[in-house]
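Everything below concerns the one structure shown next.
Read-outs: derived from the displayed coordinates by stated rules, not from any lab. Just so it is clear, the model here is predicted, and its values are computed rather than measured. Counting neighbours? That spans all protein chains shown, and the Cβs are built from the backbone with ideal geometry, glycine included.
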Amino acid sequence: MTFRKYLVLAGVTLCASIGDSLLSRGMKQVGNISLDHLSDVILAVLNPSVALGILLLLGFFASYMTALSWADLTYVLPATSLGYVLLTLIAKFYLHEAVTTSRWIGVLLISAGVGFVTQGPALTHHPEKPHKAEYEPASARPR
Amino acid sequence: MMQAYAWSAITAIVLASTTGDILLSRAMKQVGDVGALWRQSGLWTVLGRVLRNPNFLLGVLAMTTAFYSLLFGLSWGDVSLIAPASASLTFITNAVAAKIFLHERVDHRRWMAAVLVAGGVVLLAA
């Protein structure tokens, strides 16, 4: 895993969570859309939050596809689930919502899951060579 | 009765989005490292190769099915059940499907990660 690849994973996480929040805020500003006025859905794109949200979700899809081109699905999905944690932190510190104890436990579980998966190799069959010899027992080093 | 509708929607969402993730992942492995390909042959080559990949197109179709199943589900059931239940179950089904269909090495670390994240998502919605 290189720094650039971690940046792509961060892009997946940030674009998905911020994009979803912007869409949610924008659609609340737009209000209810009835089935009789489906053209309102198209006009909803004129709302700045909705437009920016759609742009970010396109960015999410591009970075998600990029990540899947060099990492396993079972690595990318848990590694990018930090977005849920981010949304909770935004809710607590930016929107000043009350965050219950069970939600904080959820945040802890997700963070632990991310910790577990990112310790392992990102891709099956093509494990990255360790950058340093620190994980290698001395007896395994070539003499 | 509404519960049965909600759970059939959840089943449809989970099946469709797992199919989509598996197909998209397979497509991108066939395309190869996007960053390296971009530097080598440019953005248009990357886009052409991704958009012409049959697995990619089928994957997008499956993701679209998942999205519409979610919309239908939300009109029948409670958002606080359907959204977290389907998101959480998808982490588990993806781990199983990736092991079977993509032959990924899902070791204890990855199982733990899938289960912890799935549990965490449920708690966040509680």
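State which entries of A:92/B:99; A:5/B:29; A:5/A:92 exceed 26 angstrom in Cα-Cα distance in the structure shown. With Cα atoms farther than 26 Å apart: A:92/B:99; A:5/A:92.
Under 5 Å between amide hydrogens, built in the peptide plane, is the criterion, and for residue A:72 it picks out A:123, A:124 among residues at least 5 positions away or on other chains. At a threshold of 8 angstrom on Cα-Cα distance, excluding pairs fewer than six apart, so keeping six or more, what relative contact order does chain A reach in percent? Normalised by residue count, the contact order of chain A is 28 percent.
Please find, in a Gaussian network model of chain A (springs between Cα atoms separated by less than 10 Å), the residue of A:42, A:105, A:54 whose mean-square fluctuation is greatest. Between A:42, A:105, A:54, it is A:42 that shows the largest mean-square fluctuation. Counting Cβ atoms of other protein chains within 10 Å of each Cβ in A:104-116 and taking the mean gives 6.
Only helical DSSP H runs with n ≥ 4 go in: add -39500 (n - 2.57) per run for chain B, normalise by residue count and round the 222 nm mean residue ellipticity to 500 deg cm²/dmol. Numbers along the way, then the final one.
Working: 6 runs with 111 residues, N = 126.
Computed ellipticity for chain B at 222 nm equals -30000 deg cm²/dmol.
Shown in residue order for the range B:68-83 are the 3J(HN,Hα) couplings computed by the Karplus curve 6.51 cos²θ - 1.76 cosθ + 1.60 at θ = phi - 60°: 5, 4, 5, 4, 4, x, 5, 7, 9, x, 7, 4, 6, 9, 5, 5 Hz (x for Gly and Pro).
Note on chain A: helix-only mean residue ellipticity at 222 nm, from DSSP H runs of 4+ residues weighted -39500 (n - 2.57) and normalised by residue number, equals -21500 deg cm²/dmol. For the residues B:59, B:48, B:20, a GNM of chain B with alpha-carbon springs under 10 Å puts the largest fluctuation on B:48.
Hydrodynamic estimate: the Kirkwood radius of the protein assembly as shown over Cα pairs, inserted into Stokes-Einstein at 4 °C and 1.567 mPa s, corresponds to D of 65 µm²/s.
Using a Gaussian network model of chain A in which every pair of alpha carbons under 10 angstrom is joined by a spring, one finds that among A:41, A:85, A:117 the greatest mean-square fluctuation is at A:41. Averaged over the residues of B:17-28, the number of partner chain Cβ atoms lying within 10 Å of the residue Cβ comes to 3. Phi angles across the range B:32-41 convert, under the Karplus curve 6.51 cos²θ - 1.76 cosθ + 1.60 with θ = phi - 60°, into 3J(HN,Hα) values of x, 3, 4, x, 5, 5, 4, 4, 6, 10 Hz, Gly and Pro given as x.
Assuming a viscosity of 0.890 mPa s and a temperature of 25 °C, what translational diffusion coefficient in µm² per second does Stokes-Einstein assign to chain A, Rh being the Kirkwood radius over Cα pairs?
Working: Rh = 17.9 Å.
This corresponds to a translational diffusion coefficient of 137 µm²/s.
Across peptide A:54-67, the average count of Cβ atoms from other chains found within 10 Å of a residue's Cβ is 2.
Normalising the average separation of contacting C-alpha pairs (under 8 angstrom, six or more residues apart) by the number of residues puts the relative contact order of chain B at 35 percent.
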